[in-house]
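The values are calculated or read from the model by the stated rules, or taken from the named source; none is laboratory data. As the structure is a prediction and not an experimental result, all values here were calculated from the model. Methodologically, a virtual Cβ is constructed for each residue, glycine included, from the backbone with ideal geometry; neighbour enumeration extends over all protein chains shown. Heads up: the accessible areas ignore ligands, DNA and RNA and are worked out on the full protein's heavy atoms, side chains in. Shrake-Rupley method; radii C 1.70, N 1.55, O 1.52, S 1.80 Å.
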There are 2 protein chains.
Amino acid sequence: MNIFQYPSQPEWAALQQRAAQQQAQDVEQRVQQIFEDVRQRGDAALLDYARQFDGADLSSGLRVGPEELAAAAAELPAELQTAIRQAHANILRFHKAQIPQEERVETMPGVTCWRRAVPVQRVGLYIPGGSAPLFSTLLMLGVPAKLAGCPEIVLCTPPQKDGSVNPIILFTAQLLGITTIVKAGGAQAVAALSGGTDSVPAVDKIFGPGNRYVTAAKQLATRYGVAIDMPAGPSEVLVIADESATPAFVAADLLSQAEHGPDSQVILLSDSLYMLEQTKAEVERQLRELPRAEVAAQALTESRAILLRTPEEMLYFSNQYAPEHLILAVRNPEQLAEGVTNAGSVFLGHLTPEAVGDYASGTNHTLPTNGYARNYSGVSLDSFLKKITFQRLTPEGLLNVGPVVETMAEAEGLRAHARAVTLRLEALAGGEE
Amino acid sequence: MNIFQYPSQPEWAALQQRAAQQQAQDVEQRVQQIFEDVRQRGDAALLDYARQFDGADLSSGLRVGPEELAAAAAELPAELQTAIRQAHANILRFHKAQIPQEERVETMPGVTCWRRAVPVQRVGLYIPGGSAPLFSTLLMLGVPAKLAGCPEIVLCTPPQKDGSVNPIILFTAQLLGITTIVKAGGAQAVAALSGGTDSVPAVDKIFGPGNRYVTAAKQLATRYGVAIDMPAGPSEVLVIADESATPAFVAADLLSQAEHGPDSQVILLSDSLYMLEQTKAEVERQLRELPRAEVAAQALTESRAILLRTPEEMLYFSNQYAPEHLILAVRNPEQLAEGVTNAGSVFLGHLTPEAVGDYASGTNHTLPTNGYARNYSGVSLDSFLKKITFQRLTPEGLLNVGPVVETMAEAEGLRAHARAVTLRLEALAGGEE
């Protein structure tokens, strides 16, 4: 970790800089080829890619069968099952509070308008596989998808070498009640979701994390009219720690970000040089004990520990940076939290590590990275709903609002708009209707 | 209008087809050049483009001054002022009902999570100029932007030839309390908003309609980390009319869509051939009386009047098409409305023309087109807010949720995540904190 003492404001921009996300052109081209191939050959292409990229023979079927799904629980330790159930319950409770109320508003007498939340009808959830199957992400996407009532939920996840899907993923899917599970990963899974194949239903919106091929594929999917959850980038944390913080805790939080990947972004702000130095020492000590020490160490080469003068200055820096995760390891976190304008998710106080939000407190861990916390929210129930507006006028309502519409339409030069009102007003005056 | 009688389901796809939105490559290249120019030369580039595209000399300044703004009201007829004020009041009332409540949820004892709605800090509103200044769109974007509390709202609109801004736009801006008004239009305005110039503050999110240059520019802006309201496409309406509808009313609604532009999409569904034929005749009669008859006639060449068998079939067709505007000109519209899954905004009954929602009923008229009603909502208060999640654990909370997190993190192979919890649990057990 590099310590920067009292940088001047003009120097902040460089310290807030994220590593440029170079989308290699060859990745984009390769993804485009995969898209075209899947669109043309459908399931046959998916089978080929499973052989090529996952080393799996799926000729017996791309979908997880009911027996395979039912058998998953038996393979999981009871403790893990209990943990996943508890996380599920907490995430469900938090997202249930987001269910919107339908309220009818009479804007003028006889003019009634309302919004109804309607689920996105077909959603695709992409869950990466590999050595560490991200079942926590499946919870974070599956809970709001089910709660929203999306009628069709398609889960895509890459097969293991033996053609099976990791049982933790299957157990979690079963708990969620997701039954359409496709053994497909990478750009080819996204391609299949965006256009449909015999085994993979086409969807309206695609959610989930992935490597740069998946990211590029999601971007490409938007050109086919499919929506995506949000733009992607490496995970990141910014910690604001005052002298009341415990260096060992802060160091553990920084490391739990750093272990995500070599491109993870880690920033520590403090108004105490002692805190920065102690934390730096703790990071180095704890790092040695981690199985993913190499990954974390690489991420830490780009990390920054910055000494600033006041809590206000630290908050201002953080809002400019717009971190995905913000930890307020300070004496009075509620007060500081009031001033947060740009962040994905905020963790208050010394006993709230980011890890609890990553897994089980109930908040969603799919959050805007790369500065997108300035203009995007994290995934929530809203992400799986559309709000459709409705309106209905009574004769009185038309009499009230009609002349306003006629005047405005004429001023915009849209005569037919005005006439749609005038004809009806005339009919009302004539006693028709 | 072309009438199609009882098309079979395989024939529906062709009838639901929208005209392909060919983004001409030369448009994209030109927009890219403009972006680079504005990013390099800033205000100087904007001045040049104003001269070139708007025929306006803005050397006295790109911003609307306080006197220019204050003088606008005097130029507007009182009737128009009153109409705009009434529309403003209605739109404000409807959007106020969307203010989210901050609710704290204790997901487990001692684990408290909540979401806070925070305004997007800097937003840009693009309002096209020309012969018909879209002051209604300024209301639709400005009301929720102010209501959300966005601290910085930048309005861009092209100057008239004499270098002034249309007084209707200025009056509306004044009513909204928007004071940062830039005389810039087209792709150059979007470029300025996305990167900032001396006169134009950079923004986090850009809203508003425009021609294909503006649309391409908004798309390009997203590559610079700026968010946009939604993908754009030509406006469209689908009307479901049963034998209780009045052909003259339906025809007027179809025409008010058609007059928007030659690429407007117009679809009429009915289970009554008589209704289709009568409406077709009415359309032809009313068309002659319109100042924009030529535009509307062109749009109508691609319009479709389709005879189907039942209300259910019509609803199914409509949900597949996912219209921006849906008019239910039927005997029992509330019942049919229950089944709407894909639409931008829905107008119920014979006395609710789309025009009232376009201007003054209170609902927003910035809506998803081109099938995006499947996966996007229209603009609302939400569009100007981010939802940031917060959480705080007490010692009891950490004891409750901590072990769940440890188990899950270990199962995902993320040891540092587990340790961030373990260290704190150990400290609690040791009586620290």
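Rg/Rh for region A:318-420 stands at 1.31; both radii use Cα atoms, and Rh follows the Kirkwood definition.
Give me the base-10 log of I(q)/I(0) for chain A at each q in 0.06, 0.08 Å⁻¹, Debye formula, one uniform scatterer per Cα, rounded to two decimals. The computed values of log10 I(q)/I(0) come out as -0.34, -0.57.
Converting phi to 3J(HN,Hα) with the Karplus coefficients 6.51, -1.76 and 1.60 and the offset θ = phi - 60°, region A:105-116 yields 10, 8, 6, 9, x, x, 10, 10, 10, 8, 10, 10 Hz in sequence order, with x at every glycine or proline.
Compactness of region A:233-377, taken as the C-alpha radius of gyration over 2.2 N^0.38 Å, stands at 0.94. Please report, to two decimal places, log10 I(q)/I(0) for region A:89-161 at q = 0.14, 0.15, 0.20 Å⁻¹ as given by the Debye formula with identical point scatterers on the Cα atoms and no solvent. Summing over Cα pairs of region A:89-161 leads to -0.60, -0.66, -0.91. Placing unit charges on the Cβ atoms of the charged side chains and taking the dipole of the protein assembly as shown about its Cα centre, the candidate lying farthest along the positive direction among B:Ile34, B:Val295, A:Met275 is B:Ile34.
Any chance you could give the angle, 0 to 90 degrees and rounded to 10, that helix B:247-258 forms with the longest Cα principal axis of chain B? Approximately 60 degrees, to the nearest ten.
A cut-off of 5 Å between modelled amide H atoms, ignoring neighbours fewer than 5 places along the same chain, links A:Leu385 with A:Val120.
Think of each Lys and Arg Cβ as +1 and each Asp and Glu Cβ as -1; about the Cα centre, that makes the dipole of the protein assembly as shown roughly 140 debye. Around the amide H of A:Ala184, modelled in the peptide plane, lie the amide H atoms of A:Thr157, all under 5 Å away and 5 or more residues distant in sequence or on another chain.
For the chain pair A and B, buried accessible area totals roughly 10500 Å², probe 1.4 Å, rounded to the nearest 100.
Seen from a random direction on average, the alpha-carbon convex hull of region B:181-262 projects onto 7.2 square nanometres.
Among the GluC sites (Glu not before Pro) within region A:56-124, those in coil by DSSP and having at most 16 neighbouring Cβ atoms inside 10 Å are A:Glu102, A:Glu103. Helical content of chain A, expressed as a calculated mean residue ellipticity at 222 nm, amounts to -14000 deg cm²/dmol (DSSP H runs of 4 or more residues, -39,500 (n - 2.57) each, divided by residue number, nearest 500). The phi torsions of region B:28-37, fed into the Karplus equation with coefficients 6.51, -1.76 and 1.60 and a -60° offset, translate into couplings of 4, 5, 4, 5, 4, 4, 4, 4, 4, 5 Hz, rounded to whole numbers, with Gly and Pro shown as x.
A simple spin-label model places pseudo-atoms 7 Å from Cα toward Cβ; at A:Ser244 and A:Glu284 they are separated by 3.0 nm. By Cβ position, the chain A residue that hugs the axis carrying A onto B most closely, with its distance in whole Å, is A:Asp382, 4. About its Cα centre, the dipole of region A:233-377 is roughly 80 debye, where the only charges are +1 on Lys and Arg Cβ and -1 on Asp and Glu Cβ. For A:Glu103, the distances from its label point to the matching points in the remaining copies are 1.3 nm, ordered from shortest, with each point set 7 Å beyond Cα toward Cβ.
Measuring nothing but protein heavy atoms, the accessible surface of chain A at 1.4 Å probe radius is 47 percent carbon and sulfur. Counting heavy atoms of the protein chains alone, A:Glu412 has an accessible area of about 10 Å² for a 1.4 Å probe.
Applying the Karplus relation 6.51 cos²θ - 1.76 cosθ + 1.60 with θ = phi - 60° to region A:55-64 yields 3J(HN,Hα) values of x, 10, 9, 10, 4, 7, x, 8, 9, 6 Hz, where x marks Gly and Pro.
Rolling a 1.4 Å probe over the heavy atoms of the protein chains gives chain B an accessible area of 37 Å² per residue. Of all aspartates and glutamates in the structure, the ones whose alpha carbon falls short of 14 Å from that of B:Lys387, not counting any fewer than 8 places away in one chain, are A:Glu324, A:Glu338, A:Asp382, B:Glu102, B:Glu103. With its label point put 7 Å out from Cα toward Cβ, A:Gln174 sits 7.0 nm from the same residue's point in the other copies, in order from shortest. When the convex hull of its Cα atoms is viewed from all sides, region B:235-315 shows a mean projected area of 4.6 nm². Using the Cβ-Cβ distance between B:Ser164 and B:Gln40 with R0 set to 22 Å, the FRET efficiency from 1/(1 + (r/R0)^6) comes to roughly 0.20.
Go ahead and collect, in residue order, the members of region A:164-200 whose backbone nitrogen is under 12 Å from a label point 7 Å along the Cα-Cβ direction of A:Ser60. Only A:164-165 fall inside the zone, counting backbone N under 12 Å. Across the identical copies, the 7 Å label point of B:Pro10, projected outward along Cα→Cβ, sits 7.2 nm from its counterparts, in ascending order.
The alpha carbon gyration tensor of region B:385-433 gives principal lengths a ≥ b ≥ c with a/c of 1.5 or higher and a/b no greater than b/c, which makes the shape oblate.
Put simply, the Cα atoms of region B:1-82 extend 63, 44, 18 Å along their principal axes, the longest span coming first. Distance between the pseudo-spin-label points of B:Leu428 and A:Glu396 (7 Å out from Cα toward the beta carbon): 5.8 nm.
For region A:388-406, a reduction of at least 20 Å² in accessible area between the chain on its own and the assembled protein chains (probe 1.4 Å) is found at A:Ile388, A:Thr389, A:Phe390, A:Gln391, A:Arg392, A:Leu393, A:Leu398, A:Val401, A:Val404, A:Val405. Projecting the alpha carbon convex hull of the protein assembly as shown along each direction and taking the average yields 35.5 nm².
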